[in-house]
Ligand SMILES: Nc1ncnc2c1ncn2[C@@H]1O[C@H](COP(=O)(O)OP(=O)(O)O)[C@@H](O)[C@H]1O
Ligand SMILES: [Mg+2]
């Protein structure tokens, strides 16, 4: 194999980017280790694409410093960086064959045609399209066109591969399949990849690390498990998976744990440096336990909606804590709409968060 990858790290050091009055990125610092797949996750407009474009050199910071593989690239143009990008729209040339599309970037950067075509065929092989080089893009399905776009980026042997919402033009079933393919390739080739998405499930599924962004800043960085199980803020808890944000009372601390009163029910959770008094507890929908006997705990509620979804029943429960969204996997023990229930909590699935 002639394709050869040398994965680079990416460092943002207090980077800000303003477009006129708009602050797209505000004093953001992070490190992406070489060989990792890191996702930038956040709602539309939070600054994901701007961050990616600054790694690519398509935008330049207003302030701060960017390093790729320990080299300061802050002022370096895109053409002088070993970085390639997979765009949401694929952006394939319709009149060129698939192989020519994949070879194009290499030829533009001075690779001789025969070698470029060789590498292109190798790239197509990596994405499982070795037999498709002579077709036109319009003769491929959406998923296959997306793989051509990935091959085109891979043949440039980037230190960092950038992907901006690469699956958003595919239907739901194909999205899962293609995201697994991208993850497999990244691991097999040992690539550094920065992957932008607004889809939390996609981020959880493919990432070594996730950087959650909100309103131009980083809300939290961590592994998928850290973000899901230990969200630091109400925003992160609610953005990564669903969460009920409940007002509760921290009563006492012992070791790393706090005893919390939640509407008359006691639970134990890591205190995360929060003090006695009013606190906000993020409660995953499947951490709420419903008891058909309303006498079982001090916290009662009434089921106002019940939806059977095959592998789970989703309930809305009106309680003293407000309206709660509950997921129950015990589909053989349904609770009827209108029933009074007692509520309890599973300690796994609870986290104290900043309000
Ligand atoms: N070229 C530009 N000119 C002016 N404003 C921009 C430009 N690019 C992005 N922005 C603004 O910067 C903010 C972040 O945008 P973007 O990085 O595209 O967000 P995301 O990819 O997370 O949806 C938004 O408010 C957007 O309108
Ligand atoms: Mg974007």
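The values are calculated or read from the model by the stated rules, or taken from the named source; none is laboratory data. Not measured: the values here are computed from a predicted model. Virtual Cβ from ideal backbone geometry, glycine too; neighbours counted across all protein chains shown.
Here is the figure for segment 74-92: residues that are more than 25 Å from residue 102 (Cα to Cα) and in contact with a helix residue (DSSP H, G or I) (Cβ under 8 Å, 6 or more places away or on another chain) total 0.
Listed by position, the strands (runs of 3 or more DSSP E) inside segment 1-108 whose residues that are within 16 Å of ligand 1 (Cβ to nearest atom), crowded, with 22+ Cβ neighbours inside 10 Å and within 19 Å of the chain's Cα centre (by Cα) number at least 3 are 37-41. Considering segment 277-296 alone, what residues qualify as being assigned to a loop (DSSP other than H, G, I, E, B) and in contact with a helix residue (DSSP H, G or I) (Cβ under 9 Å, 6 or more places away or on another chain)? If the condition is that a residue be assigned to a loop (DSSP other than H, G, I, E, B) and in contact with a helix residue (DSSP H, G or I) (Cβ under 9 Å, 6 or more places away or on another chain), then 284 is the only one that fits.
Residue by residue through segment 258-276, note down the ones that are in a loop (DSSP other than H, G, I, E, B) and over 33 Å from the mean Cα position of the chain (by Cα). Answer for segment 258-276, where residues must be in a loop (DSSP other than H, G, I, E, B) and over 33 Å from the mean Cα position of the chain (by Cα): 263, 264, 276.
Applying the criterion of being touching a residue at least 24 places away in the same chain (Cβ under 8 Å) and assigned to a helix (DSSP H, G or I) to the residues of segment 117-132, the residue that is farthest from residue 182 (Cα to Cα) is 118.
Between residues in segment 31-50 that are over 22 Å from residue 158 (Cβ atoms) and residues that are part of a loop (DSSP other than H, G, I, E, B) and near ligand 2 (Cβ under 9 Å from one of its atoms), which pairs lie under 9 Å by C-beta distance while being six or more apart or on different chains? Pairs found: 42/198; 43/198; 44/198; 46/198. Is at least one residue of segment 159-177 closer than 22 Å to residue 79 by Cα, assigned to a loop (DSSP other than H, G, I, E, B), out of contact with any helix residue (DSSP H, G or I) (no Cβ under 6 Å at 6 or more places or on another chain) and at pLDDT 95 or above? For segment 159-177, residues closer than 22 Å to residue 79 by Cα, assigned to a loop (DSSP other than H, G, I, E, B), out of contact with any helix residue (DSSP H, G or I) (no Cβ under 6 Å at 6 or more places or on another chain) and at pLDDT 95 or above: present.
Selection within segment 203-212: residues that are touching a residue at least 60 places away in the same chain (Cβ under 8 Å) and assigned to a helix (DSSP H, G or I). The member of this set that is farthest from residue 49 (Cα to Cα) is 206.
The number of residues in segment 188-202 that are in contact (Cβ under 8 Å) with a residue 60 or more places away in the chain and away from ligand 1 (no atom under 16 Å from the Cβ) comes to 5. As a summary of the residue check, residue 253 satisfies the conditions (1) in contact with a strand residue (DSSP E or B) (Cβ under 7 Å, 6 or more places away or on another chain); (2) more than 16 Å from ligand 2 (Cβ to nearest atom); (3) over 30 Å from residue 128 (Cβ atoms) except for the one numbered (1). Going by the conditions given, is residue 311 over 30 Å from residue 205 (Cβ atoms) and modelled with pLDDT of 95 or more? So residue 311 does not fit the description; no. With respect to (1) more than 16 Å from ligand 2 (Cβ to nearest atom); (2) within 28 Å of residue 116 (Cα to Cα); (3) modelled with pLDDT of 95 or more, the lone exception for residue 5 is condition (3).
Can you tell me which residue among 341, 288 is more than 26 Å from residue 205 (Cβ to Cβ), surrounded by 15 or more Cβ atoms within 10 Å (Cβ to Cβ) and modelled with pLDDT of 95 or more? Before the answer, list the steps.
Numbers: 288 fails: more than 26 Å from residue 205 (Cβ to Cβ).
So the residue among 341, 288 that is more than 26 Å from residue 205 (Cβ to Cβ), surrounded by 15 or more Cβ atoms within 10 Å (Cβ to Cβ) and modelled with pLDDT of 95 or more is 341.
How about segment 297-319: which of its residues are in a strand (DSSP E or B), surrounded by fewer than 18 Cβ atoms within 10 Å (Cβ to Cβ) and in contact (Cβ under 8 Å) with a residue 12 or more places away in the chain? Once the filter is applied, which keeps residues that are in a strand (DSSP E or B), surrounded by fewer than 18 Cβ atoms within 10 Å (Cβ to Cβ) and in contact (Cβ under 8 Å) with a residue 12 or more places away in the chain, segment 297-319 yields 302, 304, 305, 308, 314, 316, 318.
Would you be able to tell me the number of residues in segment 196-209 that are more than 16 Å from ligand 2 (Cβ to nearest atom), closer than 24 Å to residue 16 by Cβ and crowded, with 21+ Cβ neighbours inside 10 Å? Talk me through it step by step, then tell me what you get.
Initial filter on segment 196-209 (more than 16 Å from ligand 2 (Cβ to nearest atom)): 201, 204-209.
Going one step further and asking which of them are closer than 24 Å to residue 16 by Cβ, we end up with 209.
Those still in the list that are crowded, with 21+ Cβ neighbours inside 10 Å too: none.
Total satisfying the criteria: 0.
Name every residue in segment 213-223 that is in a loop (DSSP other than H, G, I, E, B) and either away from ligand 2 (no atom under 16 Å from the Cβ) or touching a strand residue (DSSP E or B) at 6+ places or on another chain (Cβ under 6 Å) (or both), in order of residue number.
Let us first name the residues in segment 213-223 that are in a loop (DSSP other than H, G, I, E, B), namely 215-216, 223.
Scanning segment 213-223 gives 216, 223.
In the set 51, 62, 74, 31, only one residue is in the same structural domain as residue 222 (by TED's automatic domain parsing), within 13 Å of ligand 2 (Cβ to nearest atom) and in contact with a strand residue (DSSP E or B) (Cβ under 8 Å, 6 or more places away or on another chain); that residue is 51.
Within segment 224-245, is there a residue that is in a strand (DSSP E or B), in contact (Cβ under 8 Å) with a residue 40 or more places away in the chain, closer than 16 Å to residue 287 by Cα and under 30 Å from the mean Cα position of the chain (by Cα)? Outline the logic, then answer.
Here is the first cut: in segment 224-245, the ones in a strand (DSSP E or B) are 233, 244-245.
Applying the additional criterion that residues be in contact (Cβ under 8 Å) with a residue 40 or more places away in the chain yields 233, 244-245.
With closer than 16 Å to residue 287 by Cα added as a condition, the list becomes 244-245.
Then drop every residue that is not under 30 Å from the mean Cα position of the chain (by Cα), which leaves 244-245.
Taking every residue of segment 224-245 in turn, at least one turns out to be in a strand (DSSP E or B), in contact (Cβ under 8 Å) with a residue 40 or more places away in the chain, closer than 16 Å to residue 287 by Cα and under 30 Å from the mean Cα position of the chain (by Cα).
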